[in-house]
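So the structure is just underneath, and the comments pick up after that.
Nothing in this text is a laboratory measurement; each read-out follows from the coordinates by a stated rule. A quick note: this is a predicted structure, and the numbers were derived from the prediction, not measured. Counting neighbours? That spans all protein chains shown, and the Cβs are built from the backbone with ideal geometry, glycine included.
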Amino acid sequence: MAHETPEKVELPSGSMRSHTVALNEALTLPQRALKENAVGRGDLSDEIRKVTVTGGNIRNNHIYLPLDFFPQEVIGGNNKFESAARTISVTFRPGQAIETDIDRTKRILRARSAVGEFFAAADVVEGDVVCILKTSHFCYEISKEANG
């Protein structure tokens, strides 16, 4: 588990704001820009998780998700007949925006075709890292981390 420490960030307006940053997750410039653009949306917008993509993820159009990163209301059962009480909005960069829930047993987005389209559009290959950015309580963005 990552150790966390509070960090002060100077915003464009010159004001200071505290937030928590995982020590093992250094942010790239595009990610910092996303965080700065999220100002005013509350502390939830400051959260990001990174997931390494496996060959199985690519073959089966899914990403293994950290369930603790998502509200319990959006985590459903193991099939579409046991869907969650709520959905989340996921915007793929590049790609489309979708509404879906999460399969608790598989730890994946139920809408797998959109994940496959994102993999193709972003040229995701085994070993690449995808970033999951929480932009509000039920809204997320998924993008491929820039290499080096």
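For Thr135, enumerate residues with amide H under 5 Å from its amide H, sequence gap 5+ or separate chain, H modeled in the peptide plane.
The answer is Tyr140, Glu141.
Which percentage, to the nearest 5, of the DSSP beta bridges contained in the stretch 64-148 is antiparallel?
So the antiparallel bridges amount to about 65 percent of the total.
Output ³J(HN,Hα) for the stretch 122-131: one whole-Hz value per residue in order, computed from phi by the Karplus curve 6.51 cos²θ - 1.76 cosθ + 1.60 with θ = phi - 60°, and x for Gly and Pro.
Result, ordered by residue: 9, 6, 6, 10, 3, x, 5, 10, 10, 9 Hz.
So, in nm, how far is label Glu126 from label Glu145 when the simple model puts each one 7 Å beyond its Cα toward the Cβ?
1.9 nm
According to the square roots a ≥ b ≥ c of the eigenvalues of the Cα gyration tensor, what is the shape class of the stretch 38-148, taking rounded for a/c under 1.5, prolate for a/b larger than b/c otherwise, and oblate for the remainder?
Note, shape of the stretch 38-148 comes out oblate.
Name the residues whose placed amide hydrogens come within less than 5 Å of the amide hydrogen of Ala84, ignoring near sequence neighbours (fewer than 5 apart) on the same chain.
Gly76, Gly77, Ile102
What are the ³J(HN,Hα) values, in whole Hz, obtained from phi via the Karplus relation 6.51 cos²θ - 1.76 cosθ + 1.60 with θ = phi - 60°, for each residue of the stretch 93-106 in sequence order, with x given for Gly and Pro?
Residue by residue, the stretch 93-106 yields 10, x, x, 9, 9, 9, 10, 7, 10, 10, 7, 5, 6, 8 Hz.
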